[in-house]
Amino acid sequence: MNIKKPLFVIVLLVLIFAFAPLSAAALPPLDPLIPPFPLLHIPLASGISADPTSLPKGGGTVTFTITGINLTEAESIGVMDADATISITDSSAQVTSDTEHQISMTLPANVSFMVKTYTFYPYIDGVKQNVTGAEVTVAPSLIVPPLLTLTTVSEFTANKTSLPASGGAVKFTLTGTNLDEATTLEVKGTGGFSADVDVDSATSGTATINIPANTSTAQKTYVFNPVVNGTAQTLSVTVTIAAPAAPSEGSMANFLQKNTYARGMFTDVDESKWYGFDGQKVIATVYEYGLMKGSGATTFNPLGNVTLAEAVAMAARVHKIYLTGDDTFIQGSPWYQVYIDYALANGIIQGGDFSDYTKVATRAQMAYIFANSLPITELTPQNTVNSLPDVGSGTPYQAAIIALYKAGVLSGSDAAGTFKPFDPISRAEAAAIISRIAIESLRLAGRTY
């Protein structure tokens, strides 16, 4: 066995202990301020903070403060967010303090609906430091839209699904959810019918549509749907209008409402006047029954004087409706010639009565023309006429004037029954008279003159 090595170690230890006091006494004393070997100067971060910690929607500049030790020893110091999408780095030349360094960066605008949150960490010489990150938030640029409220219609009904030939009003009822949230809510039907819905609550609403008389020879059918925000719903209601009975020749029952008058449809009609919708409604009546037309597409000229041609045209319409139930005339040139020809052929006027139909008609001429539009048997007397202040044996067309007073078609301009036979007559006044000719219920009764 080899015992030389262990013996050598023992001898060496004895010698060290024997000469140790001498060696220590021979060495100079150590300077406590001078380490016996160089210390390592390693830069380390101890924390990071941000100012400000919240930014508006457009972003902005944030200054980060990094604290630590030996920071000037670093070759680079920077910050980076946790997602490694934004970073900035300063070189060693920009670091002037061992314990603190500030670095700034600009954060971009937030174009989302949500708050954007960043968490930044310090990096020294490219190494992420083990400290708590600094949070910075950026407000959202876009306003979060409100939740869409869906309007639904679950039930759609009508109070009438069949109407007589004369037409009538139909009331539609809608039941559903969030009806009051709809931008537009309507009921629309084939044939161009449309009406806005009056919303009673979030779950119900109504709309009323006036359907005009059926003037064709067959039954008419219309289909109606609720329309929500411009989109027709699948629910529907079908409304039928009966075919009119074949008109009996020569009957007052042939006078039916054929058109629908809308308040304000004639821009020159003051609906608050006696002839307007808030008064006697004479213009609305003659339009609805097809007895008179407007002077233009949107005008009626209520105060304009009636010409002989217009008076004959009105009388011709009354006569033809009475006989056939139809008021169709095909106008030519001049426009009124077809009415003159009809009036001459049917005894409403006689050849030679008038030489110029474009002249303004007098009230007496109008009475003569209108009185001949119906058989005298349809002008049943219901008033007593003893005398009229300005109508006598020498008055043109006296007999026609008296007949219309007795029938309740004329009433005069005052309580005495003053007629003013030679004055012109306005279109509004003519409308009142011709409506009484055609509609017996409008005639005046029980008067004595």
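Computed quantities for the displayed model
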| item | result |
| --- | --- |
| Scope segment 409-449; condition of a type in the set (Ser, Thr, Tyr), in a loop (DSSP other than H, G, I, E, B), touching a residue at least 24 places away in the same chain (Cβ under 8 Å) and within 22 Å of Glu310 (Cβ to Cβ); matching residues | Ser411 |
| Looking only at segment 412-449, and only at residues there that are of a type in the set (S, T, N, Q) and more than 16 Å from Thr380 (Cβ to Cβ), the one that is surrounded by the fewest Cβ atoms within 10 Å (Cβ to Cβ) | Thr448 |
| Test for Thr190: is it closer than 22 Å to Lys220 by Cα, modelled with pLDDT of 90 or more and either surrounded by 15 or more Cβ atoms within 10 Å (Cβ to Cβ) or outside the structural domain of Leu107 (by TED's automatic domain parsing) (or both) | yes |
| Helices (runs of 4 or more DSSP H) contained entirely in segment 271-370, each with at least 2 residues that are assigned by TED's automatic domain parsing to the domain that holds Gly417, surrounded by 19 or more Cβ atoms within 10 Å (Cβ to Cβ) and out of contact with any Gly (no Cβ under 6 Å at 6 or more places or on another chain) | 308-324, 337-345 |
| Options Ala253, Ala213; residue that is within 30 Å of Arg317 (Cβ to Cβ) and either in the same structural domain as Asn178 (by TED's automatic domain parsing) or of a type in the set (D, E, K, R) (or both) | Ala213 |
| Some residue of segment 374-386 being within 16 Å of Ala313 (Cβ to Cβ), under 50 Å from the mean Cα position of the chain (by Cα) and either part of a helix (DSSP H, G or I) or not assigned by TED's automatic domain parsing to the domain that holds Gly408 (or both) | no |
| In segment 189-245, residue farthest from Thr173 (Cα to Cα) [restricted to those that are in a loop (DSSP other than H, G, I, E, B) and without any contact (Cβ under 8 Å) to a residue 24 or more places away in the chain] | Gly192 |
| Long-range neighbours under 7 Å by Cβ, at least six apart or interchain, first residue free of Cβ contacts under 8 Å to residues at least 40 places away in the same chain within segment 299-312, second surrounded by 18 or more Cβ atoms within 10 Å (Cβ to Cβ) | Thr299/Phe266 |
| Filtered residues of segment 313-337 (kept if among the aliphatic types (A, V, I, L, M), within 18 Å of Ile439 (Cα to Cα) and without any contact (Cβ under 8 Å) to a residue 40 or more places away in the chain) | Ala313 |
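To keep it simple, each residue is scored yes or no on (1) in contact (Cβ under 8 Å) with a residue 60 or more places away in the chain; (2) of a type in the set (S, T, N, Q); (3) closer than 14 Å to Ala311 by Cα.
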| residue | (1), (2), (3) |
| --- | --- |
| Ala345 | no, no, no |
| Asp353 | no, no, yes |
| Lys359 | no, no, yes |
| Met366 | yes, no, yes |
| Ile376 | no, no, no |
| Asn386 | yes, yes, no |
| Asp390 | no, no, no |
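Residue-by-condition table, conditions (1) within 30 Å of Thr89 (Cα to Cα); (2) crowded, with 19+ Cβ neighbours inside 10 Å; (3) of a type outside the set (Lys, Arg); (4) not assigned by TED's automatic domain parsing to the domain that holds Ser87:
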{"position": "Gly126", "(1), (2), (3), (4)": "yes, no, yes, no"}
{"position": "Asn159", "(1), (2), (3), (4)": "no, no, yes, yes"}
{"position": "Gly168", "(1), (2), (3), (4)": "no, no, yes, yes"}
{"position": "Lys171", "(1), (2), (3), (4)": "no, no, no, yes"}
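The values are calculated or read from the model by the stated rules, or taken from the named source; none is laboratory data. None of the values given here were measured: they were computed from a predicted structure. Here Cβ is always computed from backbone atoms with ideal geometry, including for glycine, and neighbour counts include all displayed protein chains.
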